[in-house]
Structure formats: structure tokens, C-alpha cells
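Please treat every number below as a calculation from the coordinates, not as lab data. It should be emphasised that the depicted structure is a prediction, and the values quoted were computed from it without experimental measurement. Every residue, glycine among them, receives a Cβ derived from its backbone with ideal geometry; neighbour counts consider all protein chains shown.
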Amino acid sequence: MEVYASTYTDLVRFVVRRRPATDQAEDIVAEAFAVAWQRLGDLPGDPGEARAWLFGITRRLLMAQHRADHRGQALSVRIAGQVAVAGPTLEHDDLVATSVDLAKAWTRLTAMHQEALSLSVWEGLTGSQAAQVLGISAVAYRIRLSRARRLLKHHLAHPVGEPSADGRRMPASSEKGLA
Amino acid sequence: MNLDDQLRRHDPARDVPAGLGRSPRAVATLARLTANDPGGRSSSAMSARPARRRLLRYAMAAIVAAAGVVLAPILGTDDDAALATWDAKPHPVTAEEAERYAKDCASWTQVGYPPQIIEVRGTWVMTYLASAGGEAQCLRSLTRSAEFPDGEGQAQSSPLTQTPAADALATVGVMETSGGVTNTQFLVAGKVGAEVTAVVFRTQGMRVQATVKNGRFTAWWPRRKPASLYGRLMDNTGWNGSPNPKVTITLSDGRTITKPLKEYDVNH
């Protein structure tokens, strides 16, 4: 019961991050558990791997419900709006940004890069576990995550409409195909 | 505060309470699920949303089981009833069917290799293409639906294996397909030595007869839950996590040789 309870909450959070209709999150999680129960023989023995396996089931369920072709597709991940912190909140690598900046920069990421960051930062998965959720290799995930971080920092440093360091403007769509 | 720290503060799920998993609704969900046997099909949760569940089952992802091999999913349907028709003994197809399956497989794998073996097990077809440039396998279900008219399938392509000794096999190993929500299948193919007339795999309590033709062999089987942990360990004895079934080859003089398949793995 303890494992179920903690995983249940994790899965609801997983869905809430990807779907605006949060009131339906528990319906989706119940369905994911139903699938897992049907596939209990495939449940990994390691708790961390099992959690990732459940995330994978839930992700595919979300994609199927939206009639997305899961091959090469990604689920966009939401980000909470401004958090209650005054002034610059991010100081890293000479980068100073506010909460609003970060939320805006996040929306300029592709769904693929949002997912990569979310699985690491919000879902708290290891590289290999996140790769399992996405159905890609651990190496591919590490590359994708690294690029996602770089792009987010780039967007923070160069808000929409502001030229990048080399004088070019970088539209949000330019990230496609990077990972 | 670094970037990850700041992102954590923007978690859109931060308001989901930690104790949600102990809510009456969550507990009721658990009770509903566990009221049925695992893998059973009479769950109320299942019957409540049959359409949604079927759609989910199509979301098959692939796992690459050997380096240098590309395994990719093909759109399609899946159902346990189709897998239940799986036959340990393969059956041939008609010339007309063979032409169609070979054409589809070549299209999915984007190779122009000619067909070497096409075999049927129940409602599933295995197509094995190969040429001097490489080889490819497609496993497809003949069960179709309005949403996915091509049927469920998996395809893989890989470099050509070397020619084995006359009394041996050459393979790149067993490919495992799994999306976590659909049935896992194991595919194997490769070359047979000049004296090999038959190939039989023993795995998970099954005796799987491969098709041997044109100097090549291929077979596939569904995963079955081992009766014990020992059974699972014996099926996955340290070979990149892939099954390592025993394989018995029969030679033209009637002799048989039984070895773990990994001994014929060209990458091992």
C-alpha cells in the first residue's frame, strides 16, 4: 500500500504537468494502474525502475488519448506561472533572471526538451529511467537533457525579439531536430 | 539558486498533496484493481473504458536488444487473443501473400532486400529480408482495426551476419520488443551452416521450431511469465538482459547439437 500510495501521487503529478484538465488526472492514473495490473508480469523488481515503468505507461496513455503517433513525438509539459519570489531569483553562470523570465523561456522550448527537463527535475528520474520512459537510449536522453538546459539558458539570456550573441534571432521552432 | 532549483519552484504539480495516494478515491482504485487476478480481463476498470484501453495497447515502443541494430515500431493493433493464436510450429504463406508481406516489410524498414523467409504463427506473420547489404525482420499482426489498418507490428534491421561454420548458426541475438503496455515478443534470425537442417529453441517452457530456408533461420515467440524467479533468471543469464534460450540444431547426418544461443551470437 505504501508503494502504491506514493506512486499514485507521483503519477497524478506526472499527468498534471502534462494536461491542463487536472480534474481528470486521477481518471488517467486509475487507467494507468489498470494497465499495469494487466501487465504485472512485466513490472520491474527495482522500485525506481518500476516507477519509471509506470510513468512510461501513463505517458503512452496520454499520447494515445490525444491520438498522437508516439514515434518521435513528445508531450508538452506545463510550467507554473510566476512564483512568489521578489526580484531576480536565478543567478547561475552569469545569468540573472526572474521567475517571469523563466516561465516565458520554458514556453519557448519544444515539447521534447520540456519533457527531458521535467523527467529529470520534476519527476526526479535518473538518466536511464527517463530514457526508459521516453523509449530512447540513455545516451540519447543525456544529450537531449543537456541541449534542453542549454536552450533554456539561451532563451533566458535572449528573450523573444532580442538578438542572440551572434546577432541572429532564434525563433522557438529552431530547436527542432536538435536531439 | 541554480536552474534546476528554480524550475522546481515552478512545478505545475506543486499543489498536488503528498497524501493523495491515501485518499478514498485512490484506495477505491486499488481495491477495484486487486479484486481481479493480475492479467485477468474481467476488471471493472478494464470494462469501463474498452475503447481507450485498446487504443493504449497500440502504443508500442521498442527496445534495442543488441548494439548496431535498429528496432522500430510500426503502427498497429494488438490483442491478447491474437497472441493466443501463436503457434510453436511455423506455417508457410501463399506466393501472393509473400509478395505483399515482403513489400510492406521493405517499405517499413526502408531496405530493398529480397525476402528470404516468410512464416505464419497464428495470426502473426514474420518476414525476413536479406541481401548482401544487410537484413531486416518484420513481425506483424493480421488483426486489423479501423484506426490501425496495417495491424500491429515491429520491424528491425541490422548488418548482415557472417557465414557460420557448417554445423553452427550466426545471429545478432534475440530482439525484445516491449512498450510496457503491450505483449512482449522475442525475435531471432540469422544464418545457418551448410549442414544445418533444423533449428529448435527451448525457452519459457516452449519448444519453438524455427523456419530454416535459403541458408537462414528465423523464429519468434511471445513472452510468458516464468513460473519462478529461477525460471526468469535461467532465461536471462547475463546476455545483455536478452533471453538466452537453448537452441538445438539438427545436421544433415542426423546429429543434434544443443547450446545456449549466445554461443552463436556474432557480437558476443
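Nearest 0.05, what FRET efficiency do B:Thr248 and A:Val139 give at R0 = 45 Å with Cβ-Cβ as r? My answer for the efficiency is 0.75. Under a point spin-label approximation (7 Å from Cα along Cα-to-Cβ), what is the B:Asp4-B:Ala194 distance to one decimal in nm? The two pseudo-label positions are separated by 6.0 nm. Lys and Arg at +1, Asp and Glu at -1: add these up for the other residues within a Cβ distance under 12 Å of B:Thr163 and post the number. Value of the local net charge: +2.
Here the calculated FRET efficiency for A:Ser146 and B:Asp87, from their Cβ-Cβ distance with R0 = 60 Å, stands at 0.80, rounded to the nearest 0.05.
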